[in-house]
Amino acid sequence: LKLDHIIRLTDDVGILQHAKFIIPNRNHGYCTDDNARALFAVLMARDFGVDSKTVSNLACTYISFLYHAFNKEIGRFRNFMRFDRNWIEPQGSEDSHGRAVWSLGTVIGRSASPRLRAVALRLFEAAMPATLDLVSPRAWAFTILGLSEYLKRFAGDRAAEGAMRNLAGRLMELYRQVSAPDWVWLEDIVAYSNARIPHALLVAGQWTGDDEMIDVGLRSLRW
């Protein structure tokens, strides 16, 4: 997805979910998942020399969406919003929560703007407690990736390191329960966003110095 496509899909609320060819389709509204993805994408675009003002403006829009999506009463992100700006549910999917945490951690670890980092940090800290109650392996993986980005700026944060060990340990336990010589995976099906799980194991293994975790990450990725 090119940056000009992202810009075309984005209004003052956030990035819309779908389009008809090059025309934003307002019938499907917005979601936290896609605004988290867009936030991550524009931060990566900066590394390729994209104009910093464009990146900053888009990042502000997407963080604003995530800030509004966060339901403080339950510590979870809502996911789907209609075009009329009304939320469809009080709590979104576990994956959308984990993906939002990942994007916020990326802002903290990579953004050159102290103000963007400050807002992302406040939201990241508010969203983190719920991650330890999630049961989706992909939500665990997304959270691990967010923690790895956060730790680039706050290395030595024991609570963050502990959360990473906890979630990575859960992935490893699933792997031990499910994997077999002819099935190098931690679920009995192959579903979606599969590469993020080995990615998370590799990152967590590097942070924690766990060689077994790195080995499992490499073998499951190759498989």
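The values are calculated or read from the model by the stated rules, or taken from the named source; none is laboratory data. Everything numeric in this text was worked out from a predicted model, so none of it was measured. Counting neighbours? That spans all protein chains shown, and the Cβs are built from the backbone with ideal geometry, glycine included. With ligands, DNA and RNA removed, areas are computed over all heavy atoms of the protein, side chains included. Shrake-Rupley method; radii C 1.70, N 1.55, O 1.52, S 1.80 Å.
Filtered by the rule that a residue be outside any helix (DSSP H, G or I), open to solvent by less than 70 Å² (accessible area, probe 1.4 Å) and farther than 22 Å from Y67 by Cα, the stretch 1-28 gives A19, P24, N25.
Being touching a His at 6+ places or on another chain (Cβ under 9 Å) and closer than 30 Å to G169 by Cβ is the requirement here; does A130 meet it? I'd like the intermediate steps shown before the answer.
Values: touching a His at 6+ places or on another chain (Cβ under 9 Å): yes; closer than 30 Å to G169 by Cβ: yes.
Judged against the criteria, A130 is a match.
So which residues in the stretch 45-54 are buried (at least 17 other Cβ atoms within 10 Å of the Cβ) and among the aliphatic types (A, V, I, L, M)?
Once the filter is applied, which keeps residues that are buried (at least 17 other Cβ atoms within 10 Å of the Cβ) and among the aliphatic types (A, V, I, L, M), the stretch 45-54 yields only A45.
Within the stretch 108-120, can one find any residue that is outside any helix (DSSP H, G or I), of a type in the set (S, T, Y), touching a helix residue (DSSP H, G or I) at 6+ places or on another chain (Cβ under 9 Å) and surrounded by fewer than 20 Cβ atoms within 10 Å (Cβ to Cβ)? Spell out the reasoning first.
First pass over the stretch 108-120, keeping only residues outside any helix (DSSP H, G or I): 111-113.
Then keep just the ones that are of a type in the set (S, T, Y); that gives 111, 113.
Within this subset, residues satisfying the condition of being touching a helix residue (DSSP H, G or I) at 6+ places or on another chain (Cβ under 9 Å) are 111, 113.
From what's left, surrounded by fewer than 20 Cβ atoms within 10 Å (Cβ to Cβ): 113.
Yes, some residue in the stretch 108-120 is outside any helix (DSSP H, G or I), of a type in the set (S, T, Y), touching a helix residue (DSSP H, G or I) at 6+ places or on another chain (Cβ under 9 Å) and surrounded by fewer than 20 Cβ atoms within 10 Å (Cβ to Cβ).
Among the residues of the stretch 181-198, those identified as touching a residue at least 12 places away in the same chain (Cβ under 8 Å), within 14 Å of V216 (Cα to Cα) and not hydrophobic (A, V, I, L, M, F, W, C) are E187, R196, P198. State whether the residues of the stretch 29-44 include one that is in a helix (DSSP H, G or I), among the polar types (S, T, N, Q) and either in contact with a Cys (Cβ under 9 Å, 6 or more places away or on another chain) or crowded, with 24+ Cβ neighbours inside 10 Å (or both). So far as the stretch 29-44 goes, yes, one or more of its residues are in a helix (DSSP H, G or I), among the polar types (S, T, N, Q) and either in contact with a Cys (Cβ under 9 Å, 6 or more places away or on another chain) or crowded, with 24+ Cβ neighbours inside 10 Å (or both). Only one of these conditions is not met by G205: (1) outside any loop (DSSP other than H, G, I, E, B); (2) closer than 24 Å to F40 by Cβ; (3) open to solvent by 10 Å² or more (accessible area, probe 1.4 Å); (4) not hydrophobic (A, V, I, L, M, F, W, C). Which number is it? Unmet condition: (3).
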